[in-house]
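Remarks on the structure that follows.
The values are calculated or read from the model by the stated rules, or taken from the named source; none is laboratory data. Quick caveat: nothing in here was measured; it's all calculated off a predicted structure. Counting neighbours? That spans all protein chains shown, and the Cβs are built from the backbone with ideal geometry, glycine included.
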Amino acid sequence: MRPFVYDQSAIRVIFGVGVIDRLAEEVQRLPAKRVLVLTTPGQNRLATDAAGRLGALTAGVYAKAVMHVPIEVARAARDEAKRLEADCCVAVGGGSTIGLAKAIALERGLPIVAVPTTYSGSEMTPIYGVTEKGLKRTGRDSKVLPRTVIYDPGLTVSLPPRMAGPSGMNALAHCVEALYAEDANPIVTLMAAEGIRVLARSLPAVVREPANVDCRAEALYGAWLAGAVLGTTRMSIHHKLCHTLGGTFNLPHAQVHSVILPHAVAFNREAAGDAMRIAAQALGVGDAAQGAYDLAVRLGAPTALSDIGMPRDGLDRAAKLATEGSYPNPRPIEYAGVRQLLENAYHGMRPV
Ligand code: NAD
């Protein structure tokens, strides 16, 4: 066994159907007294419900989170937190909402209570991202790590299959890349393999029976595992490409993950044999790249960049951006291979 470092940050996790009832108790436990509740415009009702549960602890509701945290949105939300003298952010929503809470925490140091309603995993990581002038800048800072995460599967029932499928593929991608991360370790491998198994089993059921809370709970458990391994390892080519495509071409985050994952896995197939065997076994298939592609098809999730708004003439620029700078990856990163990966992903080819 090779030497390793295991560095797990402390996050309090409350998991179960109905645990949203404990929101006020968890905020008081921090302790906090003036909460800014954040969400996206589409989830305003959920945020209002959270504000109602918090009662006198609510300082305000800010329902203006958008994907990839544009810098203007981050600045406006920071101003609002300052104006309201908020001492805590409750982020009720997906990665965009949690990302906005992180942008506030980065500057103002407010603790975050995250209530995830998608499978993005952002709630478990110290990773933040802000988009400025078409470039998404990401970084790590322990200040943005949520203090408490409330996972209530009941809140994910409203996530429609067309969003649940890609969001689940996003979680799957965290697990797969954790398996071949340069800083992987035996605990991460256990969690990532369990995450893949649970997601591969539950997601088709979620899409088939969206109102089934048991399937939703299983998928959310898989998403928690995925977020946990994302938070403790450095990701590789897949995540680099998804951030480039999302930030520069404003493509929808989860859908990009769904399209790219099979091709990123195929790209690394030879260089990360052990990880691929574990991933394939957890998926219950012979080949991890084809298994990821077939799962996306089963979920009705996108498989082609051409279907999610990627301009064909942007592929060269995307390959250039994704091959600039250095980051860990099992297979050396070079332009021609990455450009071919993007070409295959653009057309939605099943990996051979
Ligand atoms: P999202 O938060 O943008 O949500 C997508 C849409 O789904 C939104 O319109 C939202 O209102 C809606 N929605 C969310 N939950 C719902 C529910 N339960 N029912 C009905 N509608 C619901 O999408 P996302 O994929 O969760 O997050 C994407 C963002 O998160 C990206 O900006 C990405 O970069 C970031 N992210 C960050 C990390 C990290 O560690 N920092 C990890 C993963 C994703």
Need pairs with beta-carbon distance below 7 Å; first residue free of Cβ contacts under 8 Å to residues at least 24 places away in the same chain and within region 140-165, second assigned to a strand (DSSP E or B) and near the ligand (Cβ under 10 Å from one of its atoms); sequence gap 6+ or separate chains.
Arg140/Ile127
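Across region 93-125, what is the number of residues that are part of a loop (DSSP other than H, G, I, E, B), more than 8 Å from the ligand (Cβ to nearest atom) and crowded, with 17+ Cβ neighbours inside 10 Å?
Step one: filter region 93-125 for residues part of a loop (DSSP other than H, G, I, E, B), giving 94, 109-111, 117-121, 125.
From the residues that got through so far, the ones that are more than 8 Å from the ligand (Cβ to nearest atom) too are 109-111.
Still in the running and crowded, with 17+ Cβ neighbours inside 10 Å: 110-111.
Looking only at that region, the number is 2.
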Any residue at all in region 308-315 that is in contact (Cβ under 8 Å) with a residue 40 or more places away in the chain and farther than 15 Å from Val259 by Cα?
yes
Please name all residue pairs, on different chains or six or more residues apart, with Cβ atoms under 9 Å, provided the first residue is in region 271-297 and is of a type in the set (Lys, Arg) and the second residue is crowded, with 19+ Cβ neighbours inside 10 Å.
Arg277/Ala288
So is Pro186 in contact with a Ser or Thr (Cβ under 9 Å, 6 or more places away or on another chain) and either more than 10 Å from the ligand (Cβ to nearest atom) or at pLDDT 95 or above (or both) or not?
no
Tell me whether region 154-171 contains one or more residues that are in a loop (DSSP other than H, G, I, E, B), in the same structural domain as Pro332 (by TED's automatic domain parsing) and more than 8 Å from the ligand (Cβ to nearest atom).
no
Evaluate the following for Asp316: is it surrounded by fewer than 17 Cβ atoms within 10 Å (Cβ to Cβ) and more than 18 Å from Leu179 (Cα to Cα)?
yes
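If you take just the helices (runs of 4 or more DSSP H) that sit entirely in region 234-295, which of them hold at least 2 residues that are away from the ligand (no atom under 16 Å from the Cβ) and either farther than 15 Å from Gly168 by Cα or modelled with pLDDT of 95 or more (or both)?
Values: elements: 237-249, 253-268, 273-283.
The qualifying helices (runs of 4 or more DSSP H) are 253-268, 273-283.
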For region 127-139, give me each residue that is in contact (Cβ under 8 Å) with a residue 60 or more places away in the chain, more than 8 Å from the ligand (Cβ to nearest atom) and under 15 Å from the mean Cα position of the chain (by Cα).
Val130
